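The values are calculated or read from the model by the stated rules, or taken from the named source; none is laboratory data. Quantities reported herein were computed from a predicted structural model and do not represent experimental measurements. Note that each Cβ is placed from the backbone with ideal geometry, even for glycine, and that neighbours are counted across all protein chains shown. Just the protein is used for accessible areas: all its heavy atoms, side chains included, with ligands, DNA and RNA removed. Shrake-Rupley method; radii C 1.70, N 1.55, O 1.52, S 1.80 Å.
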Amino acid sequence: MLRGILTVGGWTLISRVLGFARDMLIAALVGTGPIADAFFVALKLPNLFRRLFGEGAFNAAFIPAFSGLLHTEGVGAAKQFAQEAFAVMAFWLGIMTIVGEIFMPELMHVLAPGFADDPAKFALAITLSRITFPYLVLICLAALVSGVLNGMEKFTAASASYVLFNIVSIACMIWMTPYVPTVGHALSWGVTISGIVQLGLLMMAVRRGGMALRIPRPKMTPQMRLLMRRMAPGLVGAGVTQLNLTVDVIIASLLPPGTVSVLYFADRVQQLPLGVIGTAVGTALLPLLSRQVRAGEAASAISTLNRAIEYGLFLTLPAALALLVCAQPIMLVLFGRGAFDLESVRLSSQSLAAYAVGLPAFVLVKVLAPAFFARGDTGMPVKIGVASVALNLVLNLAFMVPLGHIGPALATSLAAICNAVGLAFVLRRRGHFASDYQLRRRFRGMIGASTAMALVLWGLRDWLFQAPSHGWLRLGSLGSLVGAGMLTYGIAAALLGAYDLRDVVRMISRRRLPRGSGSAISSAPTTET
């Protein structure tokens, strides 16, 4: 599992770094104005469906079933199941895309009702959304193929494919902008083109992995009916975070112009640790947990979940405190140039700090939900998810006037905390989770080390950024903050028992041994690295 986490996390980190490069260009070229607002809404719509249908509900139902078939009935049965799922998904998503293109104005009234007060902005959002909407079917099918690769415990191609999204987007923004009406049009075309490239890469990867997919006529076989039944509740259960963020967009569209963009840039920063840590742990955990549950290894499944929580929190807790303390320097260095002025920096840093409050909970939801999905239960997460969405909406309405642009981010964080607590409570009551001594001991060490790091960052922040600076000087100051924080946390975590340095040395030495040279290695799940 740890090898899978490192593989997925490494590629996700590369993707996020390129994503920051893309967002820096967007911030410099269009700032937080109407074009940026329109594009981010246009991007939100297919991304919402992708994370619900592609990465959320579908993976939650598909990967346990595929992994189970692969290990019990062999490659042939698993391949047939994947091909049937691909055909059915392509058919229904194709219809959904056509309907979305036709009724895009009505969809925009739901997603961004506040845009209707500005006819030009509303019309631009509709146009850009129609360009990006085909990305829905492309990337959902790509997520299905990624699920096949993940079920085979081959994580590299699936994780690397997301790098292409940012590469294609940057290329289109640079080279296509002179030939289209706005930068938003170039970015929107980049989204759809990247979907074609990603799907093509993954189809080649799965063919090289020995499971070339041929697409049959779509049929609702008994296996497909079971898959759809398990997907239905998962549409909310696995995608609750995305639904919460969509509520944020709806509320933000009713707030002053530029709020949608402010929230977008803040969310992009907190998505770095969320994607690198939360997504990586959840992706690597689900196939392993599904196999242990299918084999009746209850104690091993609980131990695996404990280690997954430990891995997730080890980096998430310090990341959350660092984002809280250093929100303004981070937004200043990453985006504070061109059309993204100091006021935009101030507003977005406040939203980032509010998102950081819920960062550990966002990651825990991604870690705890697979414990339900591995057992074929997509019903309970949806019940907890519905309550979380309802709470988010109530908090958004309560915070909208007094907190403005901070309200949606804080509401989402508080809803995520309640979601994570609810999932953990139910798992514990069912006997599927109990924190072991190692998790409790190391968690205490993580809290102490994170607090020490936050105090050091607090003291250095004002000293390093007290005078106006630009360019490389700003970057050097932020780099000094990051280095000091990492050093403090690493030393404090070792002293307080948040990790055992001997375990790290043993893990590194084992990774250097040839495969099969020791029992600890030969018994580990095979992972493409």
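The figures follow:
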{"item": "Some residue of segment 86-105 being over 27 Å from A36 (Cα atoms), in a helix (DSSP H, G or I) and in contact with a strand residue (DSSP E or B) (Cβ under 6 Å, 6 or more places away or on another chain)", "result": "no"}
{"item": "One residue from L187, L144, L128 being under 24 Å from the mean Cα position of the chain (by Cα), closer than 26 Å to M228 by Cα and in a helix (DSSP H, G or I)", "result": "L144"}
{"item": "L359 being out of contact with any Gly (no Cβ under 9 Å at 6 or more places or on another chain) and under 23 Å from A280 (Cα atoms)", "result": "no"}
{"item": "Count - residues of segment 433-460 that are closer than 17 Å to T488 by Cα, among the polar types (S, T, N, Q) and surrounded by fewer than 18 Cβ atoms within 10 Å (Cβ to Cβ)", "result": "1"}
{"item": "Extreme residue, modelled with the lowest pLDDT, among residues of segment 28-39 that are open to solvent by less than 40 Å² (accessible area, probe 1.4 Å) and among the β-branched types (V, I, T)", "result": "T32"}
{"item": "Test: residue in segment 403-412 that is open to solvent by 50 Å² or more (accessible area, probe 1.4 Å) and either touching a residue at least 40 places away in the same chain (Cβ under 8 Å) or in a helix (DSSP H, G or I) (or both)", "result": "yes"}
{"item": "Number of the exception - I167 against (1) at pLDDT below 85; (2) open to solvent by 40 Å² or more (accessible area, probe 1.4 Å); (3) hydrophobic (A, V, I, L, M, F, W, C)", "result": "(1)"}
{"item": "Extreme residue, most open to solvent (accessible area, probe 1.4 Å), among residues of segment 368-382 that are in a helix (DSSP H, G or I) and under 14 Å from M231 (Cα atoms)", "result": "M380"}
{"item": "Test: residue in segment 295-304 that is within 24 Å of L144 (Cα to Cα), open to solvent by less than 10 Å² (accessible area, probe 1.4 Å), modelled with pLDDT under 85 and of a type outside the set (S, T, N, Q)", "result": "no"}
{"item": "Residue that is nearest to the chain's Cα centre (by Cα) [pool: residues in segment 306-330 that are small (G, A, S) and open to solvent by 20 Å² or more (accessible area, probe 1.4 Å)]", "result": "A319"}
{"item": "Among residues of segment 171-185, those that are among the aliphatic types (A, V, I, L, M) and crowded, with 19+ Cβ neighbours inside 10 Å, counted", "result": "2"}
{"item": "Index of the failed condition, L245 passing every other in (1) within 30 Å of D118 (Cα to Cα); (2) modelled with pLDDT of 75 or more; (3) of a type outside the set (S, T, N, Q)", "result": "(2)"}
{"item": "Residue within segment 128-140 that is within 30 Å of G68 (Cα to Cα) and touching a Phe, Trp or Tyr at 6+ places or on another chain (Cβ under 8 Å) present", "result": "yes"}
{"item": "Condition check for I167: farther than 30 Å from G74 by Cα and touching a residue at least 60 places away in the same chain (Cβ under 8 Å)", "result": "yes"}
{"item": "Test set (1) more than 20 Å from G94 (Cα to Cα); (2) surrounded by fewer than 22 Cβ atoms within 10 Å (Cβ to Cβ) - P134 fails condition number", "result": "(1)"}
{"item": "Close pairs from segment 375-392: first without any contact (Cβ under 8 Å) to a residue 40 or more places away in the chain and farther than 16 Å from F425 by Cα, partner open to solvent by 40 Å² or more (accessible area, probe 1.4 Å) and part of a helix (DSSP H, G or I), Cβ under 7 Å, at least 6 apart", "result": "L391/C418"}
{"item": "Among the residues listed as A420, A387, A424, A415, the single one being closer than 20 Å to Y264 by Cβ and either of a type in the set (A, V, I, L, M, F, W, C) or assigned to a helix (DSSP H, G or I) (or both)", "result": "A415"}
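So that you can scan it fast, the table gives a plain yes or no per residue for (1) open to solvent by less than 50 Å² (accessible area, probe 1.4 Å); (2) modelled with pLDDT under 85; (3) part of a loop (DSSP other than H, G, I, E, B):
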{"residue": "V41", "(1), (2), (3)": "yes, yes, no"}
{"residue": "N47", "(1), (2), (3)": "yes, yes, no"}
{"residue": "E55", "(1), (2), (3)": "no, yes, no"}
{"residue": "N59", "(1), (2), (3)": "yes, yes, no"}
{"residue": "G68", "(1), (2), (3)": "yes, yes, no"}
{"residue": "E84", "(1), (2), (3)": "yes, no, no"}
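A quick yes/no check of all residues on (1) farther than 30 Å from M380 by Cα; (2) at pLDDT 90 or above; (3) of a type in the set (A, V, I, L, M, F, W, C); (4) buried (at least 16 other Cβ atoms within 10 Å of the Cβ):
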{"residue": "G431", "(1), (2), (3), (4)": "no, no, no, no"}
{"residue": "D462", "(1), (2), (3), (4)": "yes, no, no, no"}
{"residue": "D500", "(1), (2), (3), (4)": "yes, no, no, no"}
{"residue": "V504", "(1), (2), (3), (4)": "yes, no, yes, no"}
